[in-house]
Amino acid sequence: RNVFSIKLQSKNYTEVLESIKKTWSARFPDSPFNFAFLDERFNAQYKNDRQFSAILWWFTALAIVVAGLGLFGLSLYTIAKRKKEISIRKVLGADMLQIIALTSKDYIKLVFIAGVLAVPVAWKILNNWLEQYAFQIPVNVLMFLVPFILILAIAAITISFQSVRAALTNPVKNLRTE
């Protein structure tokens, strides 16, 4: 009862608002004329969501970088501890793909298991979050499959960098002390 809605189809809003203000003042002289555009109200409503989204993207990127650096360091440490084993395998005839598979499979398994465990949790959180909105988007499998594959690819690239380097080293350098 206290709000009137007016649909405008004019490019000159200032003239139309002045006309509405004059009509308002003539009809309701004791009430102040306050107005707001509906699109501005909607934008203000979703301002927090946009800020949350931006912050979430930054923290996601930071988490991926930190996880990648941690995985890089862990694979570097593991390969450094297994240099003699890798060298012996190379001397006995293992090719580069076998060495890469040897050093990478445990990490890829762990990343895969972590992703499989994280998908149902993320699905539940996303569904609960989307219930708050009047207009909801459907949650489909691609929303989880694409990031899952990207994370596996990032992990594989991170680990394979060290694995390839270990596979290309001369085994004589590592076995010289034996």
With θ set to phi - 60° and the Karplus curve 6.51 cos²θ - 1.76 cosθ + 1.60, what are the ³J(HN,Hα) couplings of the stretch 32-40 in order, to the nearest whole Hz, using x for Gly and Pro?
x, 8, 10, 9, 8, 8, 5, 5, 5
From the convex hull of the Cα coordinates of the chain, what is the mean projected area in square nanometres?
17.5 nm²
On the protein heavy atoms, probe 1.4 angstrom, tell me the percent of accessible surface of the chain carried by carbon and sulfur.
66 percent
Sites residue 65 and residue 143, calculated FRET efficiency, Cβ-Cβ separation with R0 30 Å, nearest 0.05:
0.85
Need the full-extension length gain, residue 97 to residue 133, defined as separation in residues times 0.36 nm minus the C-alpha distance. One decimal, nm.
8.0 nm
Here, residue 152 and residue 123, labelled 7 Å along Cα→Cβ, have an inter-label distance in nm of 1.6 nm
Only helical DSSP H runs with n ≥ 4 go in: add -39500 (n - 2.57) per run for the chain, normalise by residue count and round the 222 nm mean residue ellipticity to 500 deg cm²/dmol.
-25500 deg cm²/dmol
If the label point sits 7 Å along Cα→Cβ of residue 36, residues of the stretch 5-19 with amide N under 15 Å come out as 5-6
Test item: Cα-centred dipole of the stretch 27-178, Lys/Arg +1 and Asp/Glu -1 on Cβ, debye
940 debye
Relative contact order [Cα under 8 Å, 6+ residues apart], the chain, whole percent
34 percent
Mind jotting down the distance between the C-alpha centroids of the stretch 96-141 and the stretch 29-71, whole Å?
25 Å
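The values are calculated or read from the model by the stated rules, or taken from the named source; none is laboratory data. All of these numbers come straight from a predicted model, not from anything done at the bench. Counting neighbours? That spans all protein chains shown, and the Cβs are built from the backbone with ideal geometry, glycine included. What goes into the accessible areas is simple: the full protein's heavy atoms, side chains included, and nothing from ligands, DNA or RNA. Shrake-Rupley method; radii C 1.70, N 1.55, O 1.52, S 1.80 Å.
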